[in-house]
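The block underneath contains the structure these notes are about, expressed in structure tokens.
The values are calculated or read from the model by the stated rules, or taken from the named source; none is laboratory data. Only a predicted model underlies this, so the values are computations on that prediction, with no experimental measurement involved. Here the Cβ positions follow ideal geometry from the backbone for every residue, glycine too, while neighbour counts run over all protein chains shown. Protein only, heavy atoms only, side chains kept; ligands, DNA and RNA dropped before computing areas. Shrake-Rupley method; radii C 1.70, N 1.55, O 1.52, S 1.80 Å.
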Amino acid sequence: MSISLTSQSKVLIIRFSSIGDIVLCTPIIRTLKKQIGCEVHFLQKERFKEVLSANPYIDKHYYLEQNDLKISLQSEKYDLLIDLHKNVRTSKFKFWLSVPSLTFHKANIEKWKLVNFTSYTSSIRHLVDRYFDAVKRLGIENDGEGLDFFISLSDSTKAMPKHYIALMIGAAHYTKQIPQKLCKEIIEASDSDFILLG
């Protein structure tokens, strides 16, 4: 079944957590906006709001902790819900909003093995590829422009170098963290300026 969107359509994307997984949603956000031109709303946990607060491809932000969230979302009259979290809580939103929805293959067993067994190798497809598999019916394609992370202009960011490489050093699980020694080697092997995130 194909789902047809136009520049007049309104889409809600849901991804509650965490920092890295939200950043991995950004190619979907960007291609929806650039290839279809529809209105894009994003629902996430408020504690991660800075990850997407400056993203120019998002028209409206919603947060899980908001008062009257269900009523606010129902009033939007969405044409489509894209569930990039896929859990019991997001299922409730799909039920409440009662609009067409798309979701992705979560591969929970494969992910668990990767996180808990350092020697385990997997053929699991990258999360961004699985996100695009979920929305292929919309006719959007991965533009190959990678992930987005936009920083709001402020006094603290005006002193940043014009060109730099962002290195995300935070992760909740030890097996997902970049070792400090490797971070140092990456930075020392390059002539670029680095901004450390996380």
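Could we say that residue 74 is surrounded by fewer than 19 Cβ atoms within 10 Å (Cβ to Cβ), more than 19 Å from residue 143 (Cβ to Cβ) and either β-branched (Val, Ile, Thr) or over 14 Å from the mean Cα position of the chain (by Cα) (or both) here?
yes
Which one of these does residue 157 not meet: (1) under 25 Å from residue 54 (Cβ atoms); (2) touching a His at 6+ places or on another chain (Cβ under 9 Å); (3) of a type outside the set (Gly, Ala, Ser)?
For residue 157, the exception is condition (2).
Can you name every residue in region 170-198 that is in contact with a helix residue (DSSP H, G or I) (Cβ under 6 Å, 6 or more places away or on another chain) and either open to solvent by 80 Å² or more (accessible area, probe 1.4 Å) or assigned to a loop (DSSP other than H, G, I, E, B) (or both)?
173 - this is the single residue of region 170-198 that is in contact with a helix residue (DSSP H, G or I) (Cβ under 6 Å, 6 or more places away or on another chain) and either open to solvent by 80 Å² or more (accessible area, probe 1.4 Å) or assigned to a loop (DSSP other than H, G, I, E, B) (or both).
From 194, 150, grab the single residue that is closer than 26 Å to residue 17 by Cβ, among the aromatic types (Phe, Trp, Tyr) and under 16 Å from the mean Cα position of the chain (by Cα).
Result: 150 is the single residue among 194, 150 that is closer than 26 Å to residue 17 by Cβ, among the aromatic types (Phe, Trp, Tyr) and under 16 Å from the mean Cα position of the chain (by Cα).
Sort through 106, 111, 94 and tell me the only one that's assigned to a helix (DSSP H, G or I) and either surrounded by 14 or more Cβ atoms within 10 Å (Cβ to Cβ) or of a type in the set (A, V, I, L, M) (or both).
94
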